[in-house]
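Down below is the structure, laid out as structure tokens.
What follows is calculated from the coordinates using simple rules that are stated; it is not laboratory data. From a predicted model like this one, the values you see are computed outputs, not experimental measurements. Glycine also receives a Cβ, built like all others from the backbone with ideal geometry; neighbour counts cover every protein chain displayed.
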Amino acid sequence: MAGPGRGPQLRRHGAAGRRLHRRHDRPRRPGRIPPAVRRASQNIMNLFQHFRAELIQIIDDLCRSGALPADLDTARVAVEPPRDPGHGDMATNAAMVLAKAAGARPRDLAETLAAGLRGLDAIREVEVAGPGFINMRLGDSFWRDRLREILAAGRAYGESGLGAGQAVNVEFVSANPTGPMHVGHGRGAVVGDALASLLAKAGFLVTREYYINDAGAQVEALARSLHLRYREALGEAVGEFPDGLYPGDYLVAPARALAEADGDAWLGRDEGDWLEPFRAYAVAAMMDLIRDDLAALGVTFDRFSSERALVQAGGVDAALAELQDRGLIYDGVLEPPKGKTPEDWEPRQQTLFRATDFGDDVDRPVRKSDGSWTYFATDMAYHLDKFRRGYATMIDVWGADHGGYVKRMAAAVKALTEGRGELDVKLCQMVNLLDGGAPVKMSKRAGTFVTLRDVIDQVGKDVVRFIMLTRKNDAHLDFDLKAVTEQSRENPVFYVQYAHARICSVMRHAADAFPDADLSPDALAAAPLDRLADPAELALVRTMAGWPRLVESAAEAHEPHRVAYFLDEVATQFHMLWNKGKDDASLRFIALEDRDLTLARLALIQATAFVLASGLDVFGVQPVEELR
RNA sequence: GGCCCCGUAGCUCAGUCGGAUAGAGCAACAGAUUCCUAAUCUGUAGGUCGCAGGUUCGAAUCCUGCCGGGGUCACCA
């Protein structure tokens, strides 16, 4: 279990941070950075955050000068993109939020604040609208600076210091080691992995962790199943598998290997002799299987934690003893569930945790009648272990069928960490596997069960990953094997990849057309970007400049799916531009007779490729340079 | 029956710690291809945000109660 001392800092601090920069930032020679790039690289990043700070400064000044009451609470002041782009680039609710405390009418206060905002260089236009919104428009040069910023950052664009190095533990998959992964596990794997990447991009120190449920009855059943397969491998006819065992053929190969290695050494002996070694052998084999599936999906973990090891090291006894000392464990009899009482329900004396003191509906048993711990008890100890390893923030990604378990786990974390730990459980809803609109019929018995690996092999890991992230985790997801590989607008994977590939294609053509030109990002950043004059061109820059903010808000909300919608939006605007060039040749990216204009437009699309790649990186999807 | 999640255009879904006239894709209809990949794009049309109350300057968003769908319900993990 919890090996001591391997804190997240050790593993992540240098490694992840540096790797990110090595990979994304091409080395630059300081002497050759164009002045324009240096200006832009004063890193405004989240521009809304930037202007919020400016606005707060203006408000503070007004407070100091007596124009506004001292100690105005500005916590609710927001600077955001307006819903309606017609309202400008940014809007703030400041006047409406502060009006009451300032003793002024919203519109009057808005005019006062607007006057201050007009003094800022980057802002071209300020107007008061509606009930007291202040709408702002930024100057074109501001947007061109953002473009240079993107070119300087490359695929690293969007990285943020929001997390400030705070350690976060993301536990996901944690599938029972009793067989290969199914499609539902795959969703949890992708959501957890992408969420972890997103948090890392937002400046958190993330650890990806897998909890191996290798204690309890299910892995004993696995051991017995392996023993049957082992006897079979030695020539015995074993017939039908009894209920509760695992009849899948994935145990055949491990059993053969065991028969090969040990011969008939385990035949004719008591279960007590072979159960434990068979369990260990079977779990190891299944974890190899699962690790293979995960590798095929491109998911790797920083740590695997074993439930059995945790129990054996006394972690559960220690955690429970602590709760016992605080009077949170008692022996008692639960009431039957309200409404529907199970038929076999009977009053039973149990060892219970006072979950109701921490927001749960009933107290929860921690010990089985045979004296061993319940799953809940070990899970409590496991979460305490994570907390003690330095993770005040813990995220668990579970299947929706575990929804009934969330409250008690939250209660346990509250109790064990005395309120200092925070647990967010992301429940992943079911995946409906379809093929051309028709549900894929699956039956373990008939051998038509479709595993995650089958799907990856059929459509590719990048497609699986992207599609799994096109819905929020708590919504059902239709996964149509046919639709996800179609090359059309309604397939978001294709649509986004197509945009990236098109850009790469243009860059290749440009290199042919201007063989002597330096088309590196640094050089493009020095292009005369004021040649970008079409509204659609600047609109694309605006959208891309929203990426840092999106990274931060999606990371804070723990919602990686938002990235998919952002990518779709960037791709849409790019394809739009491309097609304007179809209608009007003067808008094509490559203008043979106008080198400066070409360079400016290449700067725009190179930045677009970076932003697309930056987002796809979060998803663990490889941006393609060519389709087909 | 208790608890949790979901309910937004004909369909599939977005909707930012409460913001202005609720968005996109598909399907429908009308268009664009001597051209950097038309595998794309332009335009039109389409909604009582499940229902009813409440909170406030302001609600798809927060609260309460219903309706509909799914999940789950004491020694399974």
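Let me have the 222 nm mean residue ellipticity of chain A computed from DSSP H runs of 4+ only, each contributing -39500 (n - 2.57), with the sum over all residues rounded to the nearest 500.
-15500 deg cm²/dmol
So if I take the alpha carbon set of the range A:302-378, get Rg, then get Rh from the Kirkwood formula, what is the Rg over Rh ratio?
Rg/Rh for the range A:302-378 comes to 1.03.
Can you check what the net charge comes to around A:L234, using other residues whose Cβ is under 11 Å from the Cβ of A:L234 (Lys, Arg +1; Asp, Glu -1)?
-2
Which translational diffusion coefficient, to the nearest whole µm²/s, is obtained for the range A:169-223 from the Stokes-Einstein equation, given a Kirkwood hydrodynamic radius over C-alpha pairs, 25 °C and 0.890 mPa s?
Using the Kirkwood radius from Cα pairs, D works out to 198 µm²/s.
Starting from 0.36 nm per residue, how many nanometres of slack lie between A:M430 and A:D516 once their C-alpha separation is accounted for?
Full extension from A:M430 to A:D516 adds 25.5 nm.
Label the range A:235-277 by shape, choosing from rounded, prolate and oblate, from the square roots a ≥ b ≥ c of the eigenvalues of the Cα gyration tensor; if a/c is under 1.5 it is rounded, and otherwise prolate applies when a/b is larger than b/c, oblate when it is not.
It is oblate, given that a/c is not under 1.5 and a/b is not larger than b/c.
What is the spin-label model distance, in nm, from A:Q349 to A:E490 if the labels are put 7 Å beyond Cα along the C-beta direction?
6.4
Expressed in nm to one decimal, what extension gain is obtained for the pair A:A101 and A:E418 from 0.36 nm per residue of sequence separation less their Cα-Cα distance?
Computed gain between A:A101 and A:E418 is 110.5 nm.
Each residue of the range A:166-178 in turn: what ³J(HN,Hα) in whole Hz from Karplus with 6.51, -1.76, 1.60 and θ = phi - 60°, glycine and Pro shown as x?
My calculation for the range A:166-178 gives 5, 7, 10, 10, 10, 9, 8, 6, 6, 5, 4, x, 10 Hz in order.
Over chain A, calculate the relative contact order: mean separation of alpha carbon pairs under 8 Å at least 6 apart, over the residue count, as a percent.
17
Among residues other than A:Y382 whose Cβ falls under 13 Å from its Cβ, what is the net charge (Lys/Arg +1, Asp/Glu -1)?
Result for the local shell: -2.
Extension gain A:E271-A:S369, at 0.36 nm per residue separation less the Cα-Cα distance, in nm?
Stretched fully, the A:E271-A:S369 segment lengthens by 33.1 nm.
Kirkwood Rh over alpha-carbon pairs of chain A, then Stokes-Einstein at 37 °C and 0.692 mPa s: what D in µm² s⁻¹, rounded to an integer?
117
If I model a spin label at A:Q166 and A:Y565 as a point 7 Å from the Cα along the Cα→Cβ vector, what separation in nanometres do I get?
Placing both labels 7 Å along Cα→Cβ, they lie 2.4 nm apart.
Could you give the dipole magnitude of chain A about its Cα centre, charging the beta-carbon of Lys and Arg +1 and that of Asp and Glu -1, in debye to the nearest 20?
The calculated dipole for chain A is roughly 1640 debye.
Give me the one-decimal nm value for the distance between modelled label points at A:A539 and A:D288, 7 Å along each residue's Cα-to-Cβ direction.
Here the answer is 5.7 nm between the modelled labels.
Would you work out if the range A:258-337 is rounded, prolate or oblate? Take a ≥ b ≥ c from the square roots of the eigenvalues of the alpha-carbon gyration tensor; rounded if a/c is under 1.5, else prolate when a/b is larger than b/c, oblate otherwise.
Oblate is the answer for the range A:258-337, as a/c is 1.5 or above yet b/c matches or exceeds a/b.
Where in the range A:276-301 does the amide nitrogen come within less than 13 Å of the point 7 Å from the Cα of A:Q458, taken along Cα to Cβ?
Backbone N within reach: none found.
Rounded to the nearest 0.05, what FRET efficiency do A:R137 and A:Q622 have when you use their Cβ-Cβ distance and R0 = 30 Å?
Approximately 0.20, to the nearest 0.05.
What's the longest uninterrupted piece of chain A once you rule out the GluC sites (Glu not before Pro) that are loop residues per DSSP with at most 13 other Cβ within 10 Å?
The longest uninterrupted stretch comes out as A:1-235.
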